[in-house]
Amino acid sequence: MLASKMKWNFTYNQASKDESDKQQMGQIADRLLHMRNVKDQSAVNRFIKPSLDDLHDPFLISDMEKAVNRIHKAIENDEKLLVFGDYDADGVCSTAVMMEALMDAGADCDFYIPNRFTEGYGPNEPAFQSAKDAGVSVIITVDTGIAAIDEANAAREMGIDLIITDHHEVQEELPDAFAIVHPKTSPQYPFKELAGVGVAFKFAHALHGRLPEELLEFVAVGTIADLVPLQEENRNLVWHGLKKINLSTRPGIQALKRVAGVEDAIDEEAIGFMLAPRLNAVGRLQSADPAVDLLLSKNAEESLNVAQMIDELNNERKNMVQSIAQEAEQMLMSEGIEDNQYAIVVAKEGWNPGVLGIVASKLVNRFDRPAIVLGIDAETGVAKGSARSIEAFDLFSNCMKLKHLFTQFGGHAQAAGMTLPVGNIAEVRKQLNELADALLEPEDFKQSLQVDMSLDIASVDLSQLEEINQLRPFGMGNPKPIFHLEQAPKEIRRIGSKQNHLKFQFQKEGRKLDGIAFGFGDVYPAISPHANLQAVGELNVNEWNGRRNVQIMIKDLKIDEWQLFDYRGSKHIHKQIDIPDKENHIAVSFRNNSSALPLQVFQPEELYGLQHVDGLWVVDLPYNLDAFAQVVRQVQPDKLMACYRVEDGAFLNTIPKREHFKWFYAMLKKKETFDMKTDGEILAARSGWNHDLVEFVTQVFFELEFVRIENGLVSLNTSPSKKELSESLLYQEKFEQLQIEQTLYYSSFPELKQWLDQYILEQRDAVKEEVANGL
């Protein structure tokens, strides 16, 4: 057996079938659309090919009209405007959208993004004061501001009209701003899940009185980067934004593509894994201004220089993340995880707050629990960092219960940022663990994976993948479909410079399917080559030497049945042993033999009372099959390693047939005497009998008193008693040993597995029946 790392949620029964509404594009896409609750024809059409005409009226957002009128008035009066942004990719794109919209409207405007390290997250009074001193009369926040209670009061006292555009979770109190443009404070607005850049785009739409399609490429990048659900309006914006970005002539976008190595068409994965991380990297390590400058740049040479600088920062960011993540894991492992049993809170002086969100994500993936990662500033006594969570734990609502311990806090259900006094860290850890303990069940600490459909290897081809891709862009709320595959792989091997990945080849009805499992190299020893493997993963295209083939990128795998590992006859078994740390393995010897294996070796009688082991290593053959069966039936191994050998010449490879004995008896009767040495060699040369066979037949006849043996000469008894061959103890013993060898050693893998199945499965079925009957 091999347990899965994640919890698999099969969604097959959720796919209701209604033939009258079926979109004529194939069964797979139809089924996936139904799972996404896209059922009637009009909904299918809107999903597959969204129309910008379906976007909601921006004036349905509360305060939109008031805010837009104020901007128009400011433009008319030549007032100075300031766009106050955020330093992540969504904030940078939001700033670019708002700046371009204002400049196109003729505004006198500039932007300001706070420094993550010296100012922290969100609006701050010193920045507002600097703006006031520079003659700014209107500040427009993008992707930030909904928690700026004190800052809004300060702006009002300064005589600055503060317009907040944001999408983050709304807290108990709203800022006293001139206007708040926020979907979640707008009862009339139908869609609440816009990214910050989506809200900025809505503002631009309202400001211009037309849909500013030229800004959609920024909207696509920011929306994908912020991991908001790609549903309804977000899907519409991103779908069209991807088309725009692939036709873009903006020097900044072209330069970003070049340094990221994006040569093919830009899709949601290219943005999520190539472009957005680079935009994010700038604000993580320094001022985010260059990222905005890049997006707004009109000069190709200048754009390339900025993009190259950003790319270098991204490489620095990756190294920093790896280093801090290793430190954090070592701290948790060395100091024990008891204090972080249900939620992780880890902090250290010198950790860069700009990358701690990524580190928190890595810890969540590694330990399957919410994680807060903080960098400590020893001089100020302040800790600043980020948090990420598991699906079952709402980080925002739970941390709001601890709000009194934070100086600043904001975010979403799965991600948040915070600042707090160093002295409060221990209390945050304590109370967060108490909350998680009270709310979460053991299964909640296991990552879940929605499985959409079973995969038939014999029918997988590129046309099916093209059909699936009609559901793109994939992302939060519209995940890439996960397929379930159940089949013994034809081939499995480790790959990668560190041998930490696995490559499978599956085959059915002449059709092959490759599978890649990144990061699963450690389970290689736990997979028998013939095991009925279950895998779940995404389908994609592997292009190599001009050939395009479908492959499955495996997200998780498991084996529900017990496994047989066939090491029979191996002389170097000690080199093959690789036992996982958490598994209980033992060895058994039926002949009181020692073993080269680094395991405790038991005799069968010493196993009394032992009811289950993860792994059973059988080091030699039993004296009878019942003894082997009894051990297997008792210990019920999840894995059985057959690592016994039969030395050459120890036993016969076949059981002598009755005809062998009849022929030998007739030969003796005719010849009268038989010399075991000289005649035996002649017999072996002419008839193919080997010495073991001659010796065995002779000894059986001698035991049954059919012959006499004197000085190596064999002759018949003149009046032997009538007896059956089976009356010979030697014959019985040899027959049993040969039967043992044929069953346990010379059998094929399927034959041995089938023989063992009857004892392992029989016992497990009995246990299941007892459980079902309440015993």
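The values are calculated or read from the model by the stated rules, or taken from the named source; none is laboratory data. Predicted model, so just to flag it, every value in this text is computed and none were measured. Virtual Cβ from ideal backbone geometry, glycine too; neighbours counted across all protein chains shown. Quick note on the areas: whole protein, heavy atoms, side chains included, nothing else; ligands and nucleic acids left out. Shrake-Rupley method; radii C 1.70, N 1.55, O 1.52, S 1.80 Å.
Selection over the range 615-626 of residues that are out of contact with any His (no Cβ under 6 Å at 6 or more places or on another chain) and closer than 15 Å to A587 by Cα gives a count of 7. Cβ-Cβ contacts under 9 Å between residues 6 or more apart (or on different chains), taken from a first residue in the range 728-743 that is within 14 Å of P622 (Cβ to Cβ) to a second residue that is at pLDDT 85 or above and of a type in the set (D, E), are listed as T743/E751.
Residue count for the range 187-210 under the criterion of being touching a residue at least 24 places away in the same chain (Cβ under 8 Å), in contact with a Lys or Arg (Cβ under 8 Å, 6 or more places away or on another chain) and not hydrophobic (A, V, I, L, M, F, W, C): the result is 0.
With a requirement of 1 or more residues that are among the acidic types (D, E), the helices (runs of 4 or more DSSP H) lying completely within the range 161-253 that satisfy it span 216-225, 232-246. Quick check: is even one residue across the range 152-160 in contact with an Asp or Glu (Cβ under 6 Å, 6 or more places away or on another chain), modelled with pLDDT of 95 or more and of a type in the set (D, E)? So far as the range 152-160 goes, no, none of its residues is in contact with an Asp or Glu (Cβ under 6 Å, 6 or more places away or on another chain), modelled with pLDDT of 95 or more and of a type in the set (D, E). Candidates are the residues of the range 144-161 that are closer than 16 Å to G417 by Cβ and open to solvent by less than 30 Å² (accessible area, probe 1.4 Å); the one that is farthest from the chain's Cα centre (by Cα) is A148. Scanning the range 28-57 for residues that are surrounded by 13 or more Cβ atoms within 10 Å (Cβ to Cβ), touching a residue at least 40 places away in the same chain (Cβ under 8 Å) and part of a loop (DSSP other than H, G, I, E, B) yields R36, P50, L55, H56. Listed conditions (1) surrounded by fewer than 17 Cβ atoms within 10 Å (Cβ to Cβ); (2) over 16 Å from Y746 (Cα atoms) are all met by L616, apart from (1).
Put simply, of K73, K80 the only residue that is without any contact (Cβ under 8 Å) to a residue 24 or more places away in the chain and either open to solvent by less than 10 Å² (accessible area, probe 1.4 Å) or over 44 Å from the mean Cα position of the chain (by Cα) (or both) is K73. Within the range 661-686, being open to solvent by less than 60 Å² (accessible area, probe 1.4 Å), in a helix (DSSP H, G or I) and not aliphatic (A, V, I, L, M) holds for F661, F664, D679, G680. In summary, T141 fulfils each of the numbered conditions (1) outside any loop (DSSP other than H, G, I, E, B); (2) surrounded by fewer than 23 Cβ atoms within 10 Å (Cβ to Cβ) with the single exception of condition (2). Of all residues in the range 331-365, those being under 24 Å from the mean Cα position of the chain (by Cα), hydrophobic (A, V, I, L, M, F, W, C) and assigned to a loop (DSSP other than H, G, I, E, B) number 2. Residues in the range 271-315 that are surrounded by fewer than 16 Cβ atoms within 10 Å (Cβ to Cβ) and not in a loop (DSSP other than H, G, I, E, B): F273, A300, E301, E302, N305, Q308, M309, E312, N315.
Among residues of the range 542-578 being open to solvent by 50 Å² or more (accessible area, probe 1.4 Å) and touching a Pro at 6+ places or on another chain (Cβ under 9 Å), the one that is nearest to L513 (Cα to Cα) is D566.
The rows are residues; the columns are (1) open to solvent by 50 Å² or more (accessible area, probe 1.4 Å); (2) of a type in the set (G, A, S); (3) in contact with a strand residue (DSSP E or B) (Cβ under 9 Å, 6 or more places away or on another chain); (4) not in a strand (DSSP E or B).
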residue: G375; (1), (2), (3), (4): no, yes, yes, no
residue: G385; (1), (2), (3), (4): no, yes, yes, no
residue: N398; (1), (2), (3), (4): no, no, no, yes
residue: H404; (1), (2), (3), (4): yes, no, no, yes
residue: F409; (1), (2), (3), (4): no, no, yes, no
residue: A413; (1), (2), (3), (4): no, yes, no, yes
residue: A416; (1), (2), (3), (4): no, yes, yes, no
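Taking the criterion of being out of contact with any Ser or Thr (no Cβ under 9 Å at 6 or more places or on another chain), under 18 Å from A220 (Cα atoms) and buried (at least 19 other Cβ atoms within 10 Å of the Cβ), the residues of the range 259-270 that qualify are A260, E268, A270.
Scanning the range 66-110 for residues that are in contact with an Asp or Glu (Cβ under 8 Å, 6 or more places away or on another chain), not acidic (D, E) and not in a helix (DSSP H, G or I) yields a count of 5. With respect to the conditions (1) over 23 Å from N77 (Cα atoms); (2) touching a residue at least 24 places away in the same chain (Cβ under 8 Å); (3) assigned to a loop (DSSP other than H, G, I, E, B), T118 falls short on a single one, namely (2). Against the definition (in contact (Cβ under 8 Å) with a residue 40 or more places away in the chain and in contact with a strand residue (DSSP E or B) (Cβ under 8 Å, 6 or more places away or on another chain)), how does G272 come out, yes or no? Spelling it out, G272 is indeed in contact (Cβ under 8 Å) with a residue 40 or more places away in the chain and in contact with a strand residue (DSSP E or B) (Cβ under 8 Å, 6 or more places away or on another chain).
Here is the figure for the range 438-494: residues that are of a type in the set (G, A, S) and either open to solvent by less than 30 Å² (accessible area, probe 1.4 Å) or under 21 Å from the mean Cα position of the chain (by Cα) (or both) total 6. So which residues in the range 83-109 are of a type in the set (D, E, K, R), out of contact with any strand residue (DSSP E or B) (no Cβ under 6 Å at 6 or more places or on another chain) and open to solvent by 70 Å² or more (accessible area, probe 1.4 Å)? Selection gives D104 alone.
In this structure, T223 qualifies as crowded, with 23+ Cβ neighbours inside 10 Å and touching a residue at least 40 places away in the same chain (Cβ under 8 Å).
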